[in-house]
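Here is the structure we will look at.
The values are calculated or read from the model by the stated rules, or taken from the named source; none is laboratory data. This one's a predicted model, so the numbers in the text were calculated from it and none came from an experiment. Reconstructed Cβ throughout: ideal geometry from the backbone, glycine too, with neighbour counts over all protein chains shown. For accessibility, only protein heavy atoms count, side chains too; no ligands or nucleic acids. Shrake-Rupley method; radii C 1.70, N 1.55, O 1.52, S 1.80 Å.
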Amino acid sequence: MRETFHIEVLGPEPGDVQTRISVRSAGLEGAQERALRLFARARVPQRSVGPAEAVRVIDGAGREVFFRSRFDEPG
């Protein structure tokens, strides 16, 4: 069964949502992969808006089920 997840790319200021998309996925893993790809793209230097600081995935019930900040990444 497919679920709807909402992915938000967050900027440096509290409440600064740079990108928000909804995805349908068979599970959380698929939504996490999509969120990480979107986050990687949002952090490239050519973007006109400020740098992305974090990405989060929110389930259909409105609960945050995944969060990754730029500080959580290796290396």
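Table for the structure above
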quantity: Computed over the chain: relative contact order in percent, which uses C-alpha pairs under 8 Å that are six or more apart; calculated: 33
quantity: Mean ellipticity per residue at 222 nm, deg cm²/dmol - from DSSP H runs of n ≥ 4 across the chain, formula -39500 (n - 2.57); calculated: -6500 deg cm²/dmol
quantity: Low-density loop cleavage sites - chymotrypsin sites (Phe, Trp or Tyr not before Pro) in the chain, where at most 11 other Cβ are within 10 Å (DSSP); calculated: Phe71
quantity: Solvent-accessible ranking of Arg56, Arg43, Arg24, largest area first, probe 1.4 Å; calculated: Arg24, Arg43, Arg56
quantity: The chain - percent of accessible surface contributed by carbon and sulfur, probe 1.4 Å; calculated: 49
quantity: Residue-normalised accessible area of the chain, expressed per residue, 1.4 Å probe, Å²; calculated: 65
quantity: Projected-area mean, the chain, by convex hull of Cα positions, square nanometres; calculated: 5.1
